[in-house]
Amino acid sequence: MSWTLSLAERVQSLKPSPTLAINTKAKVLKAEGVDIVNLSAGEPDFDTPDHIKEAAIEAIQDGFTKYTPVGGIPELKEAIANRLGHDYGLTYRPEEVMVSTGGKQVLYNIAQAILDPGDEVIIPVPYWVSYPAIVELAGGKARFLKSDPARDFALDIAALSAMITPKTRAMIINSPSNPSGAIYSRDDLKAVAKLALENNFLVITDDIYDQIRFDGQGPEDIASIVPEAQDHVAVVNGVSKTYAMTGWRIGYLAGPEELVRVATKIQSQSTSNPNSIAQKAALAALAGPQDCVRRMREAFLERRDRIMEMLRAIPGISCTEPKGAFYVFPDLSSYYGKGPAGHKIEGSLDMANYLLEEARIAAVPGIAFGDDRFMRFSYATDLKIIKNGMDRLEAALGRLG
Ligand code: PMP
Ligand code: GLU
């Protein structure tokens with residue numbers, strides 16, 4: 001007898017992460033021998049540095065293979081607090097720090113901890129693909145704050161102020177941003193902090209790209225710029241991007257003790273501690289030598305400059321120069337409405353399919369980030385691949401007429 005599994009209401013409109021889906025598809029095509037240029041990956045192409053791998057091997061050999069405290073081993077929490085002290089000038093006690101299975105799980109735990117049905121979270125557009133899904137899975141409502149590419153995707157503080165309601169529980173900030181590479185100005189972050197204090201909402205600052213910025217500044221975020229707002233701020237970060245450790249799955253939260261306590265409780269009833277071996281590796285990453293971080297940042301900068309140069313040379317494309325992270329987010333909408341009859345490009349999904357099928361370029365459509373005019377290309381790959389990709393892009397767009 002067949003039967004129909006009854007699924008929960010809240011997963012009816014849930015879609016898989018498009019960034020992960022496209023990256024997986026590109027990797028499968030490549031493994032099948034298809035000559036694909038994968039510019040979809042949201043992960044550094046570099047290998048994890050050797051001293052980090054060695055710490056993990058040592059952890060295995062030492063039998064560090066059992067459950068750990070749910071919120072992370074004390075020495076890793078201490079290394080995180082030291083890092084936040086050193087980079088941001090912020091003080092966190094161990095009770096205000098928690099380690100999770102990636103920054104993504106940190107965000108998930110926070111949403112589960114603070115949202116009741118109908119509670120609102122403000123998310124600037126373009127946003128990282130998982131923010132709305134994480135909010136909605138917790139029963140919350142994502143409210144989108146538009147930004148203007150002509151203003152480098154800066155926060156629109158007047159519009160932000162106008163959209164705050166008694167149900168606003170949080171705002172998510174991601175600077176440097178995935179996908180736009182934008183970095184918010186200090187003045188705008190001060191204005192956000194003021195609104196958060198006046199209206200009592202939490203600012204979730206996703207600092208995962210904090211070490212990959214090209215403006216010559218060290219890491220900073222809303223809590224370091226407005227220290228008196230620290231108790232309204234949840235800092236989310238991790239080792240995935242900074243140390244080329246996406247597969248190890250270690251992220252962390254630093255924030256109000258009450259939030260950390262509840263998030264840890266949620267974690268204790270869902271996934272338990274993050275992987276013990278990966279925690280030792282993350283400890284080596286955070287507490288060890290940092291020259292690998294500088295080397296990778298320099299490589300990303302060179303790639304950013306090259307890909308921008310090539311994009312600027314393609315007619316009909318406009319693209320804001322990213323100030324950090326490792327993505328470009330050009331507007332390809334001048335090509336919409338073009339193409340053979342019956343196969344005209346009608347939006348970013350059509351464009352992504354066209355680029356995959358006709359040019360063998362994997363990229364992520366802007367609609368996944370909340371704006372259909374754009375396409376995200378990752379430049380966390382080598383210069384030859386970037387050049388090949390941009391040559392293909394130019395030729396494929398040229399064929400659209
Ligand atoms: N935030 C942003 C903006 C990201 O791009 C990513 C990348 N996956 C994450 C959070 C989460 O990363 P991870 O779970 O690997 O720490
Ligand atoms: N954050 C990366 C990206 O945006 C990795 C994929 C994911 O976790 O969604 O591509």
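Where a number appears in this text, it was derived from the coordinates with a stated rule and is not lab data. None of the values given here were measured: they were computed from a predicted structure. Here the Cβ positions follow ideal geometry from the backbone for every residue, glycine too, while neighbour counts run over all protein chains shown.
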- Note on the structure: The alpha-carbon center of the stretch 77-123 and that of the stretch 178-236 are separated, in whole Å, by 13
- Item | For the stretch 1-156: rounded, prolate or oblate by the Cα gyration tensor [a/c cutoff 1.5] | rounded
- Query: What percent does the relative contact order of the stretch 1-104 come to when contacts are Cα pairs within less than 8 Å and at least six residues apart?
  - Reply: 16
- So for the chain: antiparallel DSSP bridges make up what percent, rounded to the nearest 5? 45
- Note to self, the chain gives a 222 nm [θ] from helices alone (DSSP H runs n ≥ 4, -39500 (n - 2.57) apiece, / all residues, nearest 500) of -12500 deg cm²/dmol
- In a shell of Cβ-Cβ distance under 12 Å around Val328, excluding Val328 itself, what net charge do Lys and Arg (+1) and Asp and Glu (-1) give? +2
- Note on the structure: If each part is reduced to its alpha-carbon centroid, the stretch 130-165 and the stretch 12-43 end up apart, in Å, by 27
- Query: Using Cα pairs under 8 angstrom and six or more residues apart, how large is the relative contact order of the stretch 315-401, in percent?
  - Reply: 29
- Message: What is the sum of charges, Lys and Arg at +1 and Asp and Glu at -1, for the other residues whose Cβ falls under 10 Å from the Cβ of Ala154?
- Response: -4
- Of Lys27/Lys280; Lys53/Lys77; Lys15/Lys141; Lys241/Lys387, those spanning more than 27 Å from alpha-carbon to alpha-carbon: Lys27/Lys280
- Message: Which of Leu29, Leu259, Leu39 ends up with the largest GNM mean-square fluctuation for the chain, with Cα atoms connected below 10 Å?
- Response: Leu29
- Task: First check a/c for the stretch 161-275, with a ≥ b ≥ c the square roots of the eigenvalues of its C-alpha gyration tensor; if it is under 1.5, answer rounded, and if not, answer prolate when a/b is larger than b/c or oblate otherwise.
- Result: oblate
